[in-house]
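This report refers to the structure that appears directly beneath it.
Quick note: the coordinates plus some simple rules give every number you see, no bench work behind them. Here the structure is a predicted model, which is why all the values come from computation and not from measurement. Glycine also receives a Cβ, built like all others from the backbone with ideal geometry; neighbour counts cover every protein chain displayed.
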C-alpha cells in the first residue's frame with residue numbers, strides 16, 4: 001500500500017529520526033548534476049518516483065548516528081535514499097543523521113528569470129538579484145519569508161521580485177509537493 005506524504009512532512013519525519021538507512025545500503029552517490037536535475041524535476045512537478053520503506057520491529061544494523069528512541073517499528077529506507085538525502089540537504093542546509101561522508105553542497109541557486117538551477121558561480125551570480133540560493137529560500141520558509149524581507153531591498157529589486165512572485169510561489173510549492 002502506497003502512502004502519500006508532503007515533502008514538508010517527510011522532512012519532519014527525518015528530523016524525528018523516523019527513517020534510517022540499513023548498513024547494507026550503499027552510501028550517497030549522486031553527483032551535483034543529478035541533484036540539480038532532480039530539483040528541476042521537482043520544480044516542474046514531474047513524478048519523482050516512489051520510496052520503498054521497510055517497516056520492521058528488529059532492524060539490521062543502520063548507518064549514521066543512532067538517536068535514543070524506542071519506536072515500536074523502525075522504518076528503513078530501501079529505495080529512495082539518494083532522493084531523500086538530497087531533499088533534506090537542500091531544504092535544511094545540512095545532511096540527515098544517517099548520512100556518512102564528505103559534506104554535500106547546499107549552494108544550489110535558482111534563476112527566477114530563466115527558471116534554471118545552477119550551482120553557485122561568483123562571477124555569474126554575485127550581486128545578481130535573478131539568482132537566489134535554493135537552500136536558504138526553502139529552509140527559511142519559502143516565498144512567505146522572502147516577501148517579509150522585501151522591505152529591506154531597493155525599490156528596483158523589490159519591484160523585480162514582486163513581478164516574479166508566481167515563479168517564487170512555484171519554487172516554494174516544492175515544500176507541499178506530495179510524493180509516495
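I'd like the distance separating the alpha-carbon centroids of region 85-105 and region 155-180, in whole Å.
23
Under a plain spin-label model, where a point goes 7 Å from the Cα along Cα-to-Cβ, how far apart in nm are residue 154 and residue 44?
About 3.4 nm, to one decimal.
Compute a Gaussian network model of the chain, connecting alpha carbons closer than 10 Å, and tell me which residue from 16, 133, 111 fluctuates the most.
In the Gaussian network model the winner is 16.
I need to check one value: relative contact order of region 108-175, counting alpha carbon pairs closer than 8 Å and at least 6 residues apart, in percent.
33
Before anything else, pin down the relative contact order of the chain: Cα pairs under 8 Å, at least 6 apart, normalised by residue count, whole percent. If you can, show how the numbers build up before the last one.
Values: 237 pairs, mean separation 50.8, N = 180.
Reported relative contact order: 28 percent.
Counting pairs of Cα atoms in region 5-106, how many percent are more than 20 Å apart?
The answer is 36 percent, as a whole percent.
Provide, for q = 0.28 Å⁻¹, the log10 of I(q)/I(0) from a solvent-free Debye sum over equal Cα point scatterers in region 120-180.
Log10 I(q)/I(0), no solvent term: -1.32.
Translational diffusion coefficient, Stokes-Einstein: compute it for region 65-180 using the Kirkwood radius over C-alpha pairs as Rh, at 37 °C and 0.692 mPa s, and state it as an integer in µm² s⁻¹.
Details: Rh = 16.2 Å.
The diffusion coefficient I find is 203 µm²/s.
Rounding to the nearest 10 and keeping the result within 0 to 90°, find how far the Cα-based axis of helix 32-43 lies from the longest principal axis of the chain.
Its long axis makes an angle of about 80 degrees.
Counting each DSSP H run of 4 or more residues in the chain as -39500 (n - 2.57), what helix-only mean residue ellipticity at 222 nm follows after dividing by all residues, to the nearest 500 deg cm²/dmol?
Taken over the chain, the calculation gives -10000 deg cm²/dmol.
Report, to the nearest 10°, how far helix 81-92 tilts away from the longest principal axis of the Cα atoms in the chain, using its own Cα long axis and a range of 0 to 90°.
The angle comes out at about 40 degrees.
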